[in-house]
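The values are calculated or read from the model by the stated rules, or taken from the named source; none is laboratory data. Note that this is a predicted model, so its numbers are computed, not measured. Please note: Cβ atoms are built from the backbone with ideal geometry, for glycine as well, and neighbour counts cover all protein chains shown. Accessible surface is based on the protein model in full, side chains and every heavy atom, while ligands, DNA and RNA are left aside. Shrake-Rupley method; radii C 1.70, N 1.55, O 1.52, S 1.80 Å.
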Amino acid sequence: KVTLKDRRTRFEWEITQKMLDLKRPVLGICGGQQLLNVVLGGTLIQHIPDEVPGANEHEQKHPRSEPGHDVSVVKGTLLHRIVGSDKIAVNSAHHQAVAQAAPGSVINARAEDGVIEGIEWPDHPFCLGVQWHPEYEVTPADQKIIVAFLEACRKQVSSV
């Protein structure tokens with residue numbers, strides 16, 4: 001049974017839309033990436049095991065502080081510039097994912113099974129979505145993502 005959280009979803013949708021409209025830095029993590037994609041007009045895979053034949057395990061059984069699988073990072077993207085690597089190990093705790101990326105977005109990372117693991121919007125000063133949880137700092141790449149987001153926030157504050 002699925003329990004919907006209408007008030008929470010409405011709040012998250014509205015604050016995300018407001019930050020995008022104001023051109024504020026946005027970092028969507030896991031469900032936050034999914035929300036970004038939908039707010040901007042994309043769609044979701046509702047349940048990876050039902051829709052992706054031969055999918056990796058995207059809901060890892062071991063702690064989130066450990067890697068679950070690798071993702072390939074697309075060269076030339078904001079994510080690639082941040083992490084400086086073509087492949088990174090990430091944790092994985094999701095059963096939904098981006099299906100159709102939002103118009104104007106760029107897919108910046110995929111799992112080995114093809115599942116979209118990262119998106120970004122080049123027309124926005126800093127709008128990055130990642131399907132994993134970089135706050136657990138599984139690898140140095142995760143810390144680089146958090147630092148890049150905080151730096152974008154600092155620049156925003158100093159320019160206001």
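If the condition is being open to solvent by 40 Å² or more (accessible area, probe 1.4 Å) and of a type in the set (Gly, Ala, Ser), then segment 87-114 contributes Ala99, Gly104. If the condition is being open to solvent by 60 Å² or more (accessible area, probe 1.4 Å) and either of a type in the set (Gly, Ala, Ser) or in contact with a Lys or Arg (Cβ under 7 Å, 6 or more places away or on another chain) (or both), then segment 62-75 contributes only Ser65. Within segment 66-95, the set of residues being touching a Phe, Trp or Tyr at 6+ places or on another chain (Cβ under 7 Å) and of a type in the set (Val, Ile, Thr) comprises Val90 only. The number of residues in segment 41-61 being over 17 Å from the mean Cα position of the chain (by Cα) and open to solvent by 70 Å² or more (accessible area, probe 1.4 Å) comes to 7.
Residue pairs whose Cβ atoms lie under 6 Å apart, sitting 6 or more positions apart in sequence or on different chains, and linking a residue in segment 108-134 that is farther than 13 Å from Ile82 by Cβ and assigned to a strand (DSSP E or B) to a partner that is open to solvent by 10 Å² or more (accessible area, probe 1.4 Å) and of a type in the set (Ser, Thr, Tyr), are Arg110/Ser72; Ile119/Ser105.
For segment 118-132, filtered to residues that are open to solvent by 10 Å² or more (accessible area, probe 1.4 Å) and touching a Ser or Thr at 6+ places or on another chain (Cβ under 9 Å), the residue that is farthest from Glu66 (Cα to Cα) is Pro122. With respect to the stated conditions, Gln143 is more than 29 Å from Asp21 (Cβ to Cβ), open to solvent by 10 Å² or more (accessible area, probe 1.4 Å) and not in a loop (DSSP other than H, G, I, E, B). Of the residues screened, Gly84 is one that is among the small types (Gly, Ala, Ser), surrounded by fewer than 16 Cβ atoms within 10 Å (Cβ to Cβ) and in contact (Cβ under 8 Å) with a residue 60 or more places away in the chain.
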